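Values in this text are rule-based calculations from the coordinates and carry no lab data. As the structure is a prediction and not an experimental result, all values here were calculated from the model. Reconstructed Cβ throughout: ideal geometry from the backbone, glycine too, with neighbour counts over all protein chains shown.
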Amino acid sequence: MFSRIPLAALLLTLACAPAAHAEHGGEAPTSKQQTVFNRIDQSLGALSEALTRIGEEKGRQEFASAMNRTAREHQARAQQLLASGHPEEAREQLDHAMVAVKTAIATLRNRETLIRSLTFDNPVDEYQYELDRFHTYAMLVNLLLERMQPDPAKRQAMEDLVRQAEARERDARQQAEQTDYPGAIKTQEASNKLLLQAIRRGGIYVPG
């Protein structure tokens, strides 16, 4: 059975799901790890501000606030893990925060294109739209694999579809580099359909 829920709500649900990793270790972060943590924290701050601004521009303040809140929860969890000597798990939590914010921004930007009734000024814009969809779907597949913990057979099927989609995306990129945008659009659409299949294999229905 597919769950027919809006993409934005689905992303929020997945991002809020509890992590499946057990805590272990007990080591202090190295100076390099601390530097990486600080850099990610700074990037998250900038991205969160951008998400807030985009949410206001698109009239989606509630969604932007919810996703920023999710990111902050992951950041707080990362600080707790870091303080208790679990730098690897702390880094995972920061990565979750980054995925949540980036996916939210991509979702709002894709929605803006949809509001334009898919009317494009030129083939370059249309290709960029399809590429943006690819990145959004790819992030959603990663969240599904990470949070929903599918059984081995389902995971294998999803990962196979992702590999096929990535191969098509590379082909589309080469076509775009050769200015064959009609061909690139067609190939990228095929890539996106493969990712949609992977999402649906994970038990979630996303129109597209």
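In straight-distance terms, cross-link reach from Lys154 covers every one of the lysines whose alpha-carbon lies under 24 Å from its own, apart from those fewer than eight places away in the same chain; here that gives Lys193.
Averaged over residues, the count of other Cβ atoms within 10 Å places the peptides 73-83, 174-184 in the sequence 73-83, 174-184, highest first. Could you tell me whether the range 120-208 comes out rounded, prolate or oblate from its Cα gyration tensor? Rule is a ≥ b ≥ c as square roots of the eigenvalues, rounded for a/c under 1.5, then prolate if a/b exceeds b/c, otherwise oblate. Here the range 120-208 falls in the prolate category.
Among Glu92, Glu169, which comes first, second and so on when ranked by fewest other beta-carbon atoms within 10 Å? Walk me through the intermediate numbers first.
On the way: Glu92 18, Glu169 23.
Final ranking by Cβ density, sparse to dense: Glu92, Glu169.
Packing order of peptides 94-105, 156-167, highest average first: 94-105, 156-167 (average count of other Cβ atoms within 10 Å over each peptide's residues).
Derived scalar couplings between HN and Hα for the range 157-170 equal 4, 5, 5, 5, 5, 4, 4, 5, 5, 5, 5, 5, 4, 5 Hz in order, rounded to whole Hz, by the Karplus curve 6.51 cos²θ - 1.76 cosθ + 1.60 (θ = phi - 60°), x for Gly and Pro.
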